[in-house]
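The values are calculated or read from the model by the stated rules, or taken from the named source; none is laboratory data. Fair warning: this is a prediction, and the values are worked out from it, not measured in the lab. Cβ: placed from backbone, ideal geometry, glycine included. Neighbour counts: every protein chain shown. Quick note on the areas: whole protein, heavy atoms, side chains included, nothing else; ligands and nucleic acids left out. Shrake-Rupley method; radii C 1.70, N 1.55, O 1.52, S 1.80 Å.
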Amino acid sequence: MARHYQYDAVVVGAGPNGLAAAITLLHSGKSVAVYEAHSKVGGGARSEELTLPGFVHDVCSAVHPLGIGSPLFRSLPLARYGLEWIQPPAPLAHPFDDGTAAILERSLGGTAVNLNGDAGAYRSLLGPLVDSWLGLDVDLLGPLRWPRHPGALARFGVLALLPARRLAESRFKGHRARALFAGVAAHSMLPLEAWGSAAFGLVLAVTGHALGWPIARGGSQALADALAAYVRSLGGEIVTGLAVRSVDELPPSRVVLCDVTPRQLLAIAGNRLASGYRRKLQRYRYGMAAFKMDWALSGRVPWKAGECARSATVHLGGKLEEIAASERAAWRGDYAQRPFVLAVQPSLFDPSRAPQSKHTLWAYCHVPNGSDFDMTERIEAQIERFAPGFRDLILARSVAPPAELERRNANLVGGDINGGAPTLGQLFFRPTYKTYRTSSPGLYLCSASTPPGGGVHGMCGYFAARSALREMF
Ligand SMILES: Cc1cc2nc3c(=O)[nH]c(=O)nc-3n(C[C@H](O)[C@H](O)[C@H](O)COP(=O)(O)OP(=O)(O)OC[C@H]3O[C@@H](n4cnc5c(N)ncnc54)[C@H](O)[C@@H]3O)c2cc1C
């Protein structure tokens with residue numbers, strides 16, 4: 001007897017990947033409903049007044065090279081639904097103790113000139129990748145498959161598989177270029193000695209030159225709201241404030257796509273999964289966590305290196321050796337006295353984030369998964385080191401250790417912001433070799449726990465929906 005379905009597809013979770021999955025299905029004429037636990041859509045792309053009225057903070061993601069570069073997002077009319085990217089003059093600043101800073105400029109030449117003896121080495125490492133980024137992006141931001149640009153991908157792969165530290169130390173002689181690359185590679189949330197950690201440094205540095213590191217006017221929520229408005233414009237339904245406890249409670253549909261991580265999939269759909277697949281999900285490895293802070297400030301951050309005010313993103317960790325020690329400590333379950341801090345100052349470029357002449361600051365450092373150690377003092381000391389007088393500007397602060405991050409969004413398991421450690425073993429076959437598919441026909445995973453992994457790009461959702469369309473319709 002034919003089953004009656006209320007929807008073609010139900011999506012659990014309205015993060016960037018859940019919304020991207022919904023859009024991909026709607027584009028194919030399918031009926032879709034999305035169920036989101038939080039009262040607002042967006043998951044890792046939400047913004048809130050976390051400190052004081054009038055100060056808008058990005059709860060999770062703040063800077064969007066992968067958002068502006070996402071092959072899916074750039075094909076959508078998101079500007080029509082309120083999304084406006086703001087490009088600070090420079091993508092990234094990396095200050096040193098001597099009061100100078102290395103700046104990742106949009107132009108390769110402008111960046112290289114500031115790297116003392118490493119100008120040529122910087123150009124020859126990144127130049128070819130920047131030139132081939134458009135094309136390479138489609139191969140990199142997706143599952144493992146036959147590449148469209150095998151030559152460019154092979155050139156990238158040879159470098160990307162290296163440990164970031166080895167690549168930096170073998171290519172650059174001076175501490176400025178080494179530190180700049182180390183800070184970008186530390187976004188991997190892997191030790192810089194780990195194989196494959198160079199991939200993250202290369203991709204993010206290349207996007208800095210090829211696309212910029214923009215912020216969204218009004219906060220990252222503007223991106224999520226634009227995606228949600230587009231879903232509704234296509235006839236999709238979004239229900240917020242409804243945490244799905246079991247997929248059996250959902251309205252009948254041909255497919256269910258879950259924007260959740262393996263641990264949650266086990267909780268809401270474990271009864272549908274084969275025991276072997278369940279065991280694999282139980283073995284899935286979550287990565288380092290973030291210890292996140294936000295401040296309302298009475299003025300601009302008083303950087304010793306004034307050029308840090310040209311960029312929204314500022315990396316605080318000094319030389320490569322110090323950054324590497326900080327990342328190694330967090331990976332091994334320890335805490336650096338001087339943690340590598342990733343800071344973002346959006347209100348310098350977007351006045352809508354704070355009352356007039358006031359500012360917001362966003363920052364996090366990496367800590368062991370599930371840690372309850374308070375890093376507040378160490379993070380603020382690290383900012384003060386490069387911006388003396390910073391503490392005097394603090395009007396209010398919001399502190400989010402890993403447990404608070406997970407309370408804000410169930411996908412941040414133990415405070416892991418990428419949906420699972422991006423080790424080589426979990427980079428391509430994420431969370432298992434089945435990637436988007438589960439052992440239950442019609443049940444799919446579409447979160448950052450699938451390829452290509454963490455970041456606000458929606459490509460996990462896009463490819464999961466493509467799998468579902470191919471296999472179930
Ligand atoms: C502190 C921090 C900083 C970051 N900075 C950046 C950055 O600057 N740039 C960048 O690109 N990325 C950044 N990221 C990573 C980025 O936010 C994530 O990789 C991205 O949001 C993953 O998208 P997703 O759709 O897979 O999951 P999420 O965005 O986590 O969305 C999952 C959604 O599912 C919902 N959900 C979960 N379980 C259920 C359930 N049972 N029922 C209903 N709903 C459910 C959640 O409430 C959530 O809304 C950051 C993350 C954090 C935490």
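In terms of its Cα atoms, the chain spans 75, 51, 42 Å along the principal axes, sorted from long to short. Can you give the FRET efficiency to the nearest 0.05 for R470 and I86, using r as the Cβ-Cβ distance and R₀ = 22 Å? Efficiency at R0 = 22 Å is approximately 0.05.
Of the solvent-accessible surface of the chain, computed with a 1.4 Å probe over protein heavy atoms with every protein chain present, carbon and sulfur atoms account for 53 percent.
Helix content alone sets the calculated 222 nm mean residue ellipticity of the chain: runs of n ≥ 4 DSSP H residues at -39500 (n - 2.57) each, divided across all residues, give -10000 deg cm²/dmol. Between D392 and E249, the contour length at 0.36 nm per residue exceeds the alpha carbon distance by 46.3 nm. Spread over its residues, the convex hull of the C-alpha atoms of segment 89-143 is 108 Å³ per residue.
Could you list the square roots of 5 times each eigenvalue of the Cα gyration tensor of segment 280-387, that is, the equivalent ellipsoid semi-axes, sorted largest first and rounded to whole Å?
Numbers: eigenvalues 158, 54, 28 Å².
In descending order the semi-axes read 28, 16, 12 Å.
Modelled label positions at V113 and R332, each set 7 Å beyond Cα in the direction of Cβ, lie 4.2 nm from each other.
One compactness figure for segment 321-382 is 1.36, namely its Cα radius of gyration divided by 2.2 N^0.38 Å. Residues within the reach of a label modelled at E321 (point 7 angstrom out along Cα to beta-carbon, backbone nitrogen below 18 Å), restricted to segment 78-98, are 96-98. Site pair D374 and V239 shows an inter-label distance of 4.2 nm when each label is modelled 7 Å from Cα along Cα→Cβ. For a paramagnetic label modelled on S440 (point 7 Å from Cα along Cα→Cβ), amide N atoms under 12 Å away belong, within segment 265-290, to 265-275, 278.
When each of the peptides 45-52, 199-206, 421-428, 456-463 is scored by how many other beta carbons lie within 10 Å of its residues on average, the order from highest to lowest is 456-463, 199-206, 45-52, 421-428. Against the chain, whose longest principal axis is taken from its Cα atoms, helix 459-472 shows a tilt of about 20°.
At a Förster radius of 45 Å, what calculated FRET efficiency corresponds to the Cβ-Cβ distance of A79 and W146, to the nearest 0.05? Don't skip to the end; give the middle numbers.
On the way: r = 33 Å, r/R0 = 0.74.
Given R0 = 45 Å and the Cβ-Cβ separation, E is 0.85.
The alpha carbons of segment 1-81 give a radius of gyration and a Dmax of 15.8, 58 Å, in that order. Once the Cα atoms are used to define both axes, helix 119-131 deviates from the longest principal axis of the chain by about 20 degrees. For the chain, the solvent-accessible area works out to 37 Å² per residue, with a probe of 1.4 Å and every protein chain left in place.
What do you get for Rg/Rh over segment 245-288 if you use C-alpha atoms and the Kirkwood form of Rh? List each step's numbers first, then the result.
Numbers: Rg = 11.4 Å, Rh = 11.4 Å.
Looking at segment 245-288, the ratio lands at 1.00.
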